[in-house]
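**Q** I'd like to ask some things about the structure below.
The values are calculated or read from the model by the stated rules, or taken from the named source; none is laboratory data. All of these numbers come straight from a predicted model, not from anything done at the bench. Neighbour counts are summed over all protein chains in view; Cβ atoms, including those assigned to glycine, are modelled from backbone coordinates with ideal geometry.
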Amino acid sequence: MNGLLRAGITAPFFEIGPKNLLRRDAIEAVAIAAGAAGATHGVTVLVTVPTAMIAPVHDLGAGVLVLAQGMGTAGLGPSMDVVTPESLIDAGAAGVMLNHDANPLDDAQLALAIERARGVGLLTVVCADTDADAVRFAALQPDVVLLEPPALIGADAADAVRPWIPASSAAIHVAGGDRRVHAMHAGGVASAAIAEAIMAAGADGTGSTSGVLGGAGTSAADRADAAHAFIAATRLGWDRARAGSAHPHQIRDTRTTTKETS
């Protein structure tokens, strides 16, 4: 188990989710570039990868926390085609993303998944569609609650900050009780300026998929440059929030924007 896994997730942080968009060599190149940027700017970097990519990305030693895209809750046994929490830990995963819009769980399944993940030492990032869900899920005490309104997934929300971030973040922190639950805000994070604005509004972390990965013709060098830009912006926004300069005139509600992939 590596030191990053034991240390857990510390703010500020930035998550990159390649989904199934890239082959192994491209994912590894992104992880290496993102890890270097994270070290430069003091940002924890999460990379959420397909199950088969966990071990090779972990073994790079790139300085990122490798997350699984999901898992089952069954224990060790005679099952097949089931991803157990134990197998994720053994592969080198630091944690797992749960309840993503593409892989939703009901409340009972989610509670059990968090319990099973915690039992083997996996960090948990739980996705929520609404403010109410975010607070409810924070009470389950995952490591991170990601508030990502579905209308923003895949959207380009310009450079606006979501006006709900300060209150939602505070509510998530309170609902987590004596366990520090981080508030992550994403969806439509198509530029580094958006990432900076989200962090300046009071988020503990943010993330992007297509903003970093680009399209089919995007080169490895361009992805590396994008990863650095987004991670630098994450730090800048975090520092702005602590300096009290979130620029509220930029705030507008974007939850009704039509469909970055995050």
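**Q** Within the group Ala183, Ala229, which residue is at pLDDT 95 or above, surrounded by fewer than 20 Cβ atoms within 10 Å (Cβ to Cβ) and not hydroxyl-bearing (Ser, Thr, Tyr)?
**A** Ala229
**Q** Something else about it: Any residue that is more than 17 Å from the chain's Cα centre (by Cα) and either surrounded by 14 or more Cβ atoms within 10 Å (Cβ to Cβ) or among the small types (Gly, Ala, Ser) (or both) - is there at least one of those in the range 93-104?
**A** no
**Q** Conditions: (1) closer than 28 Å to Ala192 by Cα; (2) crowded, with 24+ Cβ neighbours inside 10 Å; (3) not acidic (Asp, Glu). Pro85 meets all but one. Number of the miss?
**A** Status for Pro85: all satisfied but (1).
**Q** What about Gly42, is it modelled with pLDDT of 95 or more, more than 17 Å from Val212 (Cα to Cα) and under 17 Å from the mean Cα position of the chain (by Cα)?
**A** It is true that Gly42 is modelled with pLDDT of 95 or more, more than 17 Å from Val212 (Cα to Cα) and under 17 Å from the mean Cα position of the chain (by Cα).
**Q** On the given criteria, is Ala7 surrounded by fewer than 16 Cβ atoms within 10 Å (Cβ to Cβ), of a type in the set (A, V, I, L, M), out of contact with any helix residue (DSSP H, G or I) (no Cβ under 8 Å at 6 or more places or on another chain) and at pLDDT 95 or above?
**A** no
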